[in-house]
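The structure appears right after this line, and notes come after that.
The values are calculated or read from the model by the stated rules, or taken from the named source; none is laboratory data. No experiment lies behind these values; they were computed from the predicted model shown. Cβ placement follows ideal geometry from the backbone for every residue including glycine, while neighbour counts extend to all protein chains displayed. For accessibility, only protein heavy atoms count, side chains too; no ligands or nucleic acids. Shrake-Rupley method; radii C 1.70, N 1.55, O 1.52, S 1.80 Å.
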Amino acid sequence: MAYNKKHVKIGLWPEKEEKEKKYSKNREALKLTVPTFLLFCSICLIFLILLSPFTSPPQTSFTASSLPRTCDQNFTVYVYDLPKEFNTNLLQNCRHLNIYTDMCPHVANNGLGQPLHRGGGDSETWFATHQFIAEMIFHARVKNHPCRTWEPNNADIFYVPFYGGLYASSVFREYNLTKRDESNGRDHLLAFGRTAWDFMRSSDEAGTDFGANILMQLPLVRNMSVLTVERQPWDGDNQFGIPYPSYFHPYTSAEMLTWQDKMRSVERPHLFSFVGGPRKGLEKAAIRDELIRQCADSSRCELLKCESGGSRCHDPMTVLGVMARSRFCLQAPGDSFTRRSTFDAMLAGCIPVFFSPHTMYTQYMWYLPDDKRSYSVFMDEKNSTLIEQELSRISESEVVHMREAVIAMIPKMTYAHPNATNYDLPDAVDVALEALAMQAKTKVVYSL
């Protein structure tokens with residue numbers, strides 16, 4: 001879709017608050033008119049393909065000769081040519097894809113969003129990327145992936161490019177459950193940019209689970225591999241966590257290596273920091289309020305408090321600046337267990353401090369070292385902890401080693417630019433596809 005591209009002029013670590021553009025909240029629930037049978041038949045067709053010989057590949061604008069690099073990984077991936085109602089045509093209603101936000105600026109550039117102009121002649125590798133847009137970026141990366149095959153008989157894994165997260169967020173306030181649910185094999189995968197909770201409604205009552213549909217509860221989908229930015233830790237055997245997209249989408253390996261070196265050498269005058277605001281609800285409010293209080297009371301903590309309305313928390317470079325000046329970054333659960341801030345912190349080379357195992361450890365197993373203590377700190381939210389005191393006990397040599405582990409993880413936590421050319425580091429999409437291919441080859445069966 002066409003969108004007027006605008007540059008946001010932001011310095012690297014600005015000290016002054018930029019005047020923030022406010023997008024009006026659109027509270028009109030979109031009533032999409034996609035017929036129920038269309039998506040259901042499409043999913044059924046995909047399932048039937050598993051049991052029957054493959055036919056000729058779909059038409060596509062990409063060709064093997066246009067791929068920027070050769071496939072040096074041990075898998076091939078086939079991309080289904082779904083009707084455009086399930087992906088790109090949804091973008092025509094970009095103003096209504098989210099009941100709170102005009103998504104038109106965010107769906108630009110294959111989901112990377114609006115470029116951030118940082119000066120210094122940098123190529124466009126920094127974008128104001130929305131936290132719930134991973135499915136678009138994933139689609140763009142797979143379409144142009146060197147291990148993509150146009151011959152389904154040769155494929156190890158099969159990607160179904162349905163923008164289920166964008167559809168779900170457009171009907172969060174739809175009380176007609178049939179409309180919510182219109183978006184109806186282990187080697188077939190879906191990738192969503194929202195949390196699993198948005199697709200696992202547990203009741204037929206519209207008001208029981210906010211905005212959720214039942215897509216992940218459908219038997220056919222429960223036999224597929226579902227990639228999501230947050231999995232359900234207890235009933236998500238077929239769900240796999242993928243990183244929230246941050247703001248850096250490099251074209252080349254050199255750009256990534258340069259950034260990593262910068263994060264190794266940057267001055268970090270603050271012991272720890274917290275970027276976030278209060279939350280409603282007894283447990284969420286308690287931990288958030290306590291972190292804000294302890295950070296505000298400490299001379300060794302930098303606090304960026306996120307208030308409603310205009311907030312510097314929506315300025316990517318302000319957020320990354322706070323984190324890059326800190327040794328440790330506090331990562332309390334957000335509206336759900338996980339938060340995009342974790343990946344912003346790691347991009348900034350800041351060691352994350354977790355208060356729930358489900359913020360990271362049970363979510364992103366494909367991306368994490370086995371030793372949790374090598375790259376993070378865990379503090380049980382149920383215990384009264386003096387954060388400054390606990391972090392001060394970690395020796396300087398330990399901090400250096402932990403920070404290096406975090407910086408080493410940046411490439412595979414990052415979504416490379418879909419048009420990346422001279423880029424040979426595995427990124428978030430590469431890691432997911434390779435793990436799924438290995439799983440498919442071992443014929444993993446999910447419990448239904």
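So the values come out like this:
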| item | result |
| --- | --- |
| Complete set of residues in region 427-443 that are assigned to a loop (DSSP other than H, G, I, E, B) and open to solvent by 70 Å² or more (accessible area, probe 1.4 Å) | Thr442, Lys443 |
| Checking Tyr423 against (1) surrounded by 18 or more Cβ atoms within 10 Å (Cβ to Cβ); (2) farther than 30 Å from Ile157 by Cα, the condition it does not meet | (2) |
| Candidate set: region 120-148, residues that are open to solvent by less than 20 Å² (accessible area, probe 1.4 Å) and part of a loop (DSSP other than H, G, I, E, B); chosen: the one farthest from Val226 (Cα to Cα) | Thr125 |
| Top-ranked residue in region 289-316 [being touching a Lys or Arg at 6+ places or on another chain (Cβ under 7 Å) and either at pLDDT below 90 or not in a strand (DSSP E or B) (or both); ranked as surrounded by the most Cβ atoms within 10 Å (Cβ to Cβ)] | Ile292 |
| Single condition Ile394 does not satisfy, out of (1) open to solvent by 10 Å² or more (accessible area, probe 1.4 Å); (2) at pLDDT 95 or above; (3) not in a loop (DSSP other than H, G, I, E, B) | (3) |
| Boolean, Ala286 is loosely packed, with under 15 Cβ neighbours inside 10 Å and not acidic (Asp, Glu) | yes |
| Close pairs from region 207-220: first modelled with pLDDT of 75 or more, partner open to solvent by 50 Å² or more (accessible area, probe 1.4 Å), Cβ under 6 Å, at least 6 apart | Leu220/Phe47 |
| Answer residue from region 218-242, given it is within 24 Å of Arg339 (Cβ to Cβ) and of a type in the set (A, V, I, L, M, F, W, C) and is most open to solvent (accessible area, probe 1.4 Å) among those | Trp234 |
| Residue selected from region 247-274 under the condition at pLDDT 95 or above and β-branched (Val, Ile, Thr), by the criterion most open to solvent (accessible area, probe 1.4 Å) | Thr258 |
| Filtered residues of region 348-385 (kept if open to solvent by 20 Å² or more (accessible area, probe 1.4 Å) and part of a loop (DSSP other than H, G, I, E, B)) | Tyr361, Thr362, Leu368, Pro369, Asp370, Asp371, Asp380, Glu381, Lys382, Asn383, Ser384, Thr385 |
